[in-house]
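Novice: My structure is below; once you've seen it, I'll send some questions.
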Amino acid sequence: MFVVVDDSIISTISSEDGKVSGIEYLRQVSENHYKSRGFIFRGEEKLSSWAAELVRRTGALH
């Protein structure tokens, strides 16, 4: 499931058995720049977390 709030997308995930769950938060900084934060848990155990920036490239790819 996800929801759009102003300049952000907040999404949740869950495995079919409900044992693994997580959240990701994606915020638009500018037209070509986004920041992402998220985490995944199994019960009380953190499996993964991240912080990333996504920037659109302009021009030809080589």
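Each value in this text was obtained by applying a stated rule to the coordinates, not by laboratory testing. Keep in mind that this is a model prediction, so the values were computed, not measured. A quick note on method: Cβ atoms are made from the backbone with ideal geometry, for glycine too, and the neighbour counts reach across all protein chains shown.
Novice: Just rank Y34, Y25, fewest to most, by other beta-carbon atoms within 10 angstrom.
Specialist: Values: Y34 18, Y25 14.
The fewest-first ordering by Cβ neighbours comes to Y25, Y34.
Novice: For a footprinting-style exposure proxy, rank S11, S30 by other Cβ within 10 Å, fewest first.
Specialist: On the way: S11 14, S30 9.
Fewest-to-most ranking of S11, S30: S30, S11.
Novice: Just grab the label-to-label distance for I10 and S49, each label 7 Å out from Cα along the Cβ direction, in nm (one decimal).
Specialist: Calculated label separation equals 1.7 nm.
Novice: Please pull out the direction-averaged projected area of the chain, using the convex hull of its alpha-carbon atoms, in nm² to one decimal place.
Specialist: That works out to 5.9 nm², a quarter of the Cα hull's surface.
Novice: Are there trypsin sites (Lys or Arg not before Pro) in the chain that DSSP puts in a loop and that have at most 16 other Cβ atoms within 10 Å, and which ones?
Specialist: Those satisfying the criteria are K19, R56, R57.
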